[in-house]
Structure formats: structure tokens, C-alpha cells
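Comments concern the structure below.
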Amino acid sequence: MTIHIGPLTVAHAGEALTVQRAAYVTEAQHYDAPRIPPLVETLDELRADLASGVLAFGAWDGSRLAGSVRGRVDGDRMEVARFSVAPDLQGRGIGRALLAAVEAAAPVEVGTFWLITGVDSAGSLRLYRTAGYEVVGETTDTAGVALVVLEKPRRTTAKSR
Ligand SMILES: CC(C)(COP(=O)(O)OP(=O)(O)OC[C@H]1O[C@@H](n2cnc3c(N)ncnc32)[C@H](O)[C@@H]1OP(=O)(O)O)[C@@H](O)C(=O)NCCC(=O)NCCS
């Protein structure tokens, strides 16, 4: 499998929403929370986000969109959001490649990357820790799911696993 990472544009919105929903259903089932934000995002909202200039990358396996990620820049911080890989393609390094791509594309003024994930999403937490992220706090999303906030200073070298 050869994966190609490239910019995710408005033209990819439909496919991106399909992959995002498929990926996050597992999280929603785990937390018994069908209305988590990545699942209630509409096609119009996703299109508007991509049109607004958010940093967004897709991973393609041939012509198939395998996953995507978005980076929301606010001053010297960037949130990594809507990180998703198609269920049948997870665990093959696509997520790591997408995370590296969005981090590398952050504007120079960004000094901190941050993200949220489910408090007991062990797989995601392992991925983020090995990518250099540390838990810095806790929060709750609009669906009532307990989340942890993770941060990583730019240019931290990834920890060995
Ligand atoms: C999180 C996600 C984007 C990672 O993409 P991916 O392509 O599967 O990730 P990679 O293959 O690059 O690397 C995954 C690493 O994290 C682990 N991992 C990630 N998600 C995992 C999961 N759900 N279960 C078990 N392990 C998981 C993998 O085992 C691997 O670690 P390892 O190399 O030590 O085994 C993908 O699993 C996904 O879409 N999950 C559902 C949506 C979600 O939870 N998004 C993130 C919310 S913040």
C-alpha cells in the first residue's frame, strides 16, 4: 500500500465526512455518545471549514481517501482536530503520517500543538504520547464525554516507545 499525503480541499469534503463518520462511530459506541462533535458536523460545516483556510490534509491510497486531519491555528497554538482514518486502514501508520504532515505545515509562529481525546481512548493516547504529546488537563465535550487535553511543544523529538 502506497499512501500519498496531500492538501484536503472543499472538493474532498464529501469523502472526508464519510471517512470521519466511519472512524468516529467506534469512539461514539465506546462512550455511548452518538452526538460527539465529529459525528454531528454537517457537510456544509465541513465545506465551510475547508474553505476558510484551515490547515487540512488527506491521505490517499490510490484514488481512495484513507484519512484526514485538520489544524486550527490560533496565534502561537495549533489544535489538531478531526483526526480520522478509515476503520479498515487503521493501524498501518497512516495516522502518524497525517499527524506529522499537519504539524510540519503549521505556520512558523506556532510553538505549541494541542488536541483533545477521550479519557480512556487507549490507542489514541498511545499514539499521541509516542508522538511527543503530554496530558495537560481535562475537559468535557458537548456530548458530555470526558476528554483529556494533550500538548506538545514544537520541535520536541518523539519519544521512543
Ligand atoms: C486515531 C487514528 C486517526 C489513528 O490512525 P491510524 O492510522 O490507526 O494510526 P497509526 O497506524 O498511524 O498508528 C497508530 C498507533 O496508535 C495505536 N492506535 C491508534 N488508534 C488505536 C485504536 N483505536 N486502537 C488501538 N490502537 C490504536 C496503534 O496501535 C499504533 O500504535 P503502535 O504503533 O504502538 O501499535 C485512527 O485510529 C482513528 O481514526 N480512530 C478513530 C477516530 C479517533 O479516535 N480519532 C482521534 C480522536 S482524538
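Structure values in brief
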read-out	value
In the range 17-80, the trypsin sites (Lys or Arg not before Pro) that fall in loop regions by DSSP, at most 15 other Cβ within 10 Å	35
Long-range HN-HN contacts of residue 55 with modeled amide H, under 5 Å	71, 73
Å² per residue, accessible surface of the chain at 1.4 Å	51 Å²
Gain in span if fully extended, residue 134 to residue 61, counting 0.36 nm per residue against the direct Cα distance	23.2 nm
Under 5 Å, built H, 5+ apart or other chain: amide partners of residue 66	59, 60, 61
Simple label model, 7 Å out from Cα along Cβ direction - residue 108 to residue 43, nm	4.1 nm
Estimated inter-spin distance, residue 119 and residue 72, nm [label 7 Å along Cα→Cβ]	2.2 nm
For the range 71-96 and the range 6-29, distance of Cα centres in Å	11 Å
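The values are calculated or read from the model by the stated rules, or taken from the named source; none is laboratory data. Quick caveat, the model's predicted, so the values are computed rather than measured. Virtual Cβ from ideal backbone geometry, glycine too; neighbours counted across all protein chains shown. These accessible areas exclude ligands, DNA and RNA; they are computed on the full protein's heavy atoms, side chains included. Shrake-Rupley method; radii C 1.70, N 1.55, O 1.52, S 1.80 Å.
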